[in-house]
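Below is one structure, written out as C-alpha cells, with a few remarks after it.
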Amino acid sequence: MANKLFSPEGTSSPAQMIAWQFKILIAELQLLQQHAADPTCPCGLADIQEWCHSKHLLSVCALAWETASMDHDPEHHDMLTQLGDEANELHMDMRVFVVNPADSKSDVNLVEWSRNWRKKLELIYYSKEMRKAEVKELATTKPRAKAAQDITEKSRRVFEAYARDAGNWGGNPLVGGNVGGSKEERGNLTQLKRAGLITTQVDEGNTWISFTPDGIQYAASLGIDLSWIAKHRQVWQEQDTPEASGYLVWDGDGNFVRRSATMGNLPIGLEQAIGSTISGLGWALGAALAGFVIAMLTKKREKEAKPQHDENAMLETSDLLPMLDGLIKRLGV
C-alpha cells in the first residue's frame, strides 16, 4: 500500500542533500545485508536484547520515506515510497518474530531483499546526473560562516560595538549593558560565535561576552586593541595564589597595578569594594570616592588618638560601605 504522507509535487531539496540521503540509505541496507548473511552475528544466536534486523529495517523505512519527500523526481519518489513501505512491513513482522517466532508470517529473504534494493539505489547514487547536479550546486553554494570575513556587515557592527565597550566591563561586556541587547541582535551574536570570534556565558539571567584569540585579532584589524584582555585574564588568576597580596586593578591604559592590601590602611574587603567601584564608574569618580573614604578613616584615627567617651561619635569601618553606597546614589550613577 503506497504511503500517502508524501507527494512528488513541489521543488526537490538540494542535490547535495539528496545525495547524502541516498548514501546513508545504501549504508543501512549494506549493514542489514551483512547482519542477515552472517550466521555468526550474536543477535541471531541468542536473546541478548539486540535486534539488528529490526533496527536497520526501521532506519531504512524512515530514511526512504524522508528522502521521498525531498526527491520530487517521479520515478525516485515512487521507488523510495515503495522501499519505505516494504521496510516498514518487514520491521513490524520482525517485532512479532522477536516475541514469538511462530507468529511471523514473512518469508522474505532479507539478504536478497536488502541487496536488490541497494543495487537499485546505487544506480542513482553513482549516476553522472546526480554528481553533475552536486558539482553545479557546490560551485554556487556559499558555506556557513567559519571566519571573520564571512560574517555580515550587521554582525561586524555588533562585534565592533561590543569590542569598543569591552574596556568598561573588564574585557567581558554585558549584552544589553551599554550597547545592544535587542532580539534582532541574537542572530548576529550566534553568527559571531560560529565564526569563532566570541563566546557567551549566562549568569543570573545576564549574558556576558568573551572575546576569543581570533576575536581579539579581528578587533585589531578594526583598529580596536583588545590585546590587554589576555593579560587581564592571566594576572587576575594570580589573585588567588598564596604569594599574592592585595589585588590587581587595570589602570585603563592596558597596565595592571597591584594595590596594597592596606592602601590607606583600608581593610582588604573595603579596598576591593573601592576597586569594583573604580572599575564600574571610571577612574576620575572612583578616585574621588576613594579619597572620601580615606578622609573618613583619617578622622576615625584622629578621634581614636584622643580620649573618647561618646561611642556614637566613633566612625566604624563597617559604616563606610553604606556611606559609599549612599554617595553613589546621590551622584545618580
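The values are calculated or read from the model by the stated rules, or taken from the named source; none is laboratory data. Since this is a predicted model, take the numbers as computed values, not measurements. A quick note on method: Cβ atoms are made from the backbone with ideal geometry, for glycine too, and the neighbour counts reach across all protein chains shown.
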Checklist entry - Checking V235 against (1) of a type outside the set (K, R); (2) surrounded by fewer than 18 Cβ atoms within 10 Å (Cβ to Cβ); (3) at pLDDT 90 or above, which test does it fail? => result (3)
Checklist outcome for this item: Here the residues within segment 187-228 that are in a helix (DSSP H, G or I) and either touching a residue at least 40 places away in the same chain (Cβ under 8 Å) or buried (at least 19 other Cβ atoms within 10 Å of the Cβ) (or both) are N188, L189, Q191, L192, R194, D214, G215, I216, Y218, A219, S221, W228
Checklist entry - Out of segment 200-230, which residues are touching a Gly at 6+ places or on another chain (Cβ under 8 Å) and not aromatic (F, W, Y)? => result T207, S210, T212, D214, G215, D225, L226, S227, I229
Checklist entry - With segment 90-186 as the region, which helices (runs of 4 or more DSSP H) entirely inside it contain at least 3 residues that are at pLDDT 90 or above and within 31 Å of the chain's Cα centre (by Cα)? => result 153-165
